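Report on one structure; see the data block that follows.
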Ligand code: VGL
Ligand code: ZN
């Protein structure tokens, strides 16, 4: 099968970056030159995703009662609205990427002129949605983006994923890309993590399912 690569640039938004982001990932802004280098390449389709929450989103610590509402620390059990027996433990966050706010905007230095399509995710207040494909519930999912359909329609064989954050939205987007049957590549030096200490476990998870971490230069050469 011919090599038909797609690029997915995940959540390169003000709230995930210093200096002012509410959920700033350390050095989050520093990956933009690498991302712009990737964006200049002839991928079949280049996609950017945006975390795009309503103010009452379930992942915001501010929407929960004390004492279990500490951003970054508290966990919350979310039930699948379609199947209340199915639950997910999720981490609570500071308010971030609220629709219509500065924090939800893509970084102005990101070369969005190269982006063909933007996927917004996390709009359903009832569920967390790290993956750009769907929320984590499986019986059934509560919300889907049209991303899998779009990539399949374009005949994509390989999905290259970069952006923020390596241990959350990049990770779950990569896992779902693999589940959709794509050869899946995470461009490691074009990501940054909320918890860098978690990255060895993320790497093991990728190995198990056949996701490969590549360097940006390797990705550039391949294209
Ligand atoms: C993300 C935490 C909460 C991400 C989104 O983009 O990795 N992390 N929402
Ligand atoms: Zn979020």
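Read-outs: derived from the displayed coordinates by stated rules, not from any lab. Computed from a prediction, not measured in an experiment: that's the story for all the values here. Heads up, the Cβs are rebuilt from the backbone with ideal geometry, glycines too, and the neighbour counts pull from every protein chain shown.
Structural remarks
- The range 21-56, residues that are without any contact (Cβ under 8 Å) to a residue 60 or more places away in the chain and either assigned to a loop (DSSP other than H, G, I, E, B) or within 16 Å of ligand 2 (Cβ to nearest atom) (or both): 24, 55
- For the range 164-212, the set of residues classified as part of a helix (DSSP H, G or I), in contact with a strand residue (DSSP E or B) (Cβ under 7 Å, 6 or more places away or on another chain) and either touching a residue at least 12 places away in the same chain (Cβ under 8 Å) or within 16 Å of ligand 2 (Cβ to nearest atom) (or both) consists of 169, 170, 173, 174, 176, 177, 178, 206, listed by residue number.
- Some residue of the range 13-20 being away from ligand 2 (no atom under 16 Å from the Cβ) and in contact with a strand residue (DSSP E or B) (Cβ under 7 Å, 6 or more places away or on another chain): no
- Of all residues in the range 191-211, those that are surrounded by 13 or more Cβ atoms within 10 Å (Cβ to Cβ) and more than 18 Å from the chain's Cα centre (by Cα) total 0.
- Subset of the range 161-175 that is touching a helix residue (DSSP H, G or I) at 6+ places or on another chain (Cβ under 8 Å) and farther than 15 Å from residue 12 by Cα - its residue that is surrounded by the fewest Cβ atoms within 10 Å (Cβ to Cβ): 175
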